[in-house]
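Presented below is the structure to which this report refers.
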Amino acid sequence: MAASLDMEPSALSLELLPTDPLLLILSFLDYRDLTSCCYLSRRLNQLSNHDPLWRRHCKKYWLISEKEKCQRNQSWKAIFISTYRDLGRYIQCYATLKKAWDDLEKYLGQRCPRMIGSLKESVQEEDLDAVEAQIGCQLPNDYRCSFRIHNGQKLVVPGLMGSMALSNHYRSEDLLDIDTAAGGFQQRLGLRQCLPLTFCIHTGLSQYMALESVEGRNKYEIFYQCPDQMARNPSAIDMFITGTSYLEWFTSYVNKVVTGGYPIIRDQIFSECFPFCRYVHDKECVATTEDITVSVSTSFLPELSSVHPPHYFFTYRIRIEMSKDALPEKACQLDSRYWRIINAKGDVEEVQGPGVVGEFPIISPGRVYEYTSCTTFSTTSGYMEGYYTFRCLYYKEKFFNVTIPRFHMVCPTFKVSTARMVSGDFWSWPSVWVCLCQETSHNEYAVDEDEDSTDTDEYEERRRVLDIPAPTGRCPRHT
């Protein structure tokens, strides 16, 4: 009895387990650990080659479907290995980017099949390596990975990255292919080592990605450039930040597209071939008065904005709809509008006038009326609210007000240029770059902000200063 108590239990070896529970254990291993098992013993080598174990990894990392496996006529492990040899450096981001591209293509196939024809075929590793040698900078893996799926698009109108029309101001951004992007790689002061990602043929506007942490930018940060009009140094370039990495920038954009974050606007200039525009709709920004519902979408226009002088340009899209279940005698005509416009300082401006954008639309059951207008703030954010006054068509002496929901407009996070310090301008910033973001910082500027202005002559002057082609018409404001 004492001898038996002194005996130590023998260690349990995995190899002693029956096949089924051992395969179950192996099914929880990542591809690296599963590969390592091949070198531990003959039995583990045999079991780790069990083909169904590799099915999960092919689906997880490469999005390989059962149908594609049948078409390739290979085992799951063979497919995983061959794909890894080609795309292994992108294994942490490939599935995310591939799904984004697949979702976008599906969306376009349903709503805009002609746009799919503008997408370019993928490039190879040697093409990307050649671009790196040409520009003398390494491309981030997520950017390279995206171009292994699609090489951007042809320079067409409308662009893949969205479009909009405001009065006679048009914007349509193309996603640049790798060769065009490399040709636009910047080495000049203010934009050193920045690679363009998009381009708008109407405005010349591009979104850039910083390939190095120079001139105050974070590596791989994505931004719209904004010339500092008040600096004496022409290399003073402020930045409106649109992404912290290519992966975050591209996937968040696609998510907004496919989930309806960018509303479909039928009467936009490019709507017949591209159904979404760069307006963002807050689903809570809706107000219903009796049978009439008013909803609002907004957009920030970097090409018409500047940090110095502080001038932030927003456009908003109003949708007015009468319920299809309303009685016919509910039909009415918009008579006038009233706005309260409040900037981030709390300054209030009131605007009242007849109609909207020079029109007096009639609203009847089931009918929708939409229009676009714009506003500017000298602060980074502000909001608007108000009401429309309608006149009943059946009871001509009856007027009633319809609430316009409060909608907020906030410019993206931005950074201001260091060139002010270098050139001896009168601002003295406490750090190399100052990040000003959202409403929380509007009272902390070292900038003397002018009062908001709605004067259209000032609008034309801003366009001239920002070197944007002047439209033949003028943008309606607060309409």
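The values are calculated or read from the model by the stated rules, or taken from the named source; none is laboratory data. Note that the structure is predicted; figures quoted are calculated from it, not measured. Neighbour counts run over all protein chains shown; Cβ positions are idealised from the backbone, glycine included. Protein only, heavy atoms only, side chains kept; ligands, DNA and RNA dropped before computing areas. Shrake-Rupley method; radii C 1.70, N 1.55, O 1.52, S 1.80 Å.
Observations on the structure shown:
- Mean sequence separation of contacting Cα pairs (under 8 Å, at least six apart), scaled by the length of the stretch 169-212, corresponds to a relative contact order of 38 percent.
- Note that the stretch 94-254, at 20 °C in a medium of 1.002 mPa s, gets a Stokes-Einstein diffusion coefficient of 131 µm²/s from its Kirkwood radius over C-alpha pairs.
- Model label points for Lys398 and Asp103, set 7 angstrom from Cα along the Cα-to-Cβ axis, are 4.6 nm apart.
- Alpha-carbon centroids, the stretch 127-190 and the stretch 331-383: separation in whole Å: 37
- Relative contact order computed over the stretch 94-254 (Cα-Cα under 8 Å; 6+ residues apart), in percent: 17
- Dimensionless Rg over Rh [the stretch 19-91; C-alpha; Kirkwood]: 0.97
- Relative to the Cα centre, the charge distribution of the stretch 121-167, modelled as +1 at Lys and Arg Cβ and -1 at Asp and Glu Cβ, gives a dipole magnitude of about 300 debye.
- Comparing Ala78, Phe28, Tyr39 along the charge dipole axis of the stretch 19-91, the residue lying farthest to the positive side is Ala78, per the Cβ-charge model.
- The stretch 189-243: C-alpha pair distances exceeding 16 Å, %: 39
- Ranking of Asp103, Asp20, Asp228, Asp282 by solvent-accessible surface, largest first: Asp20, Asp282, Asp103, Asp228 (1.4 Å probe, protein heavy atoms only, all chains present).
- Kirkwood hydrodynamic radius of the stretch 63-182, Cα pairs, Å: 16.2
- For the stretch 19-91, the relative contact order is 24 percent, taking Cα pairs closer than 8 Å that sit 6 or more residues apart in sequence and dividing their mean separation by the residue count.
- Arg89 sits among other residues whose Cβ lies under 14 Å from its own Cβ, and their net charge, with Lys and Arg +1 and Asp and Glu -1, is -3.
- The stretch 306-361 - Rg and Dmax from Cα coordinates, angstrom: 16.5, 53
- Rg(Cα) / (2.2 N^0.38 Å) computed for the stretch 279-413, rounded to two decimals: 1.13
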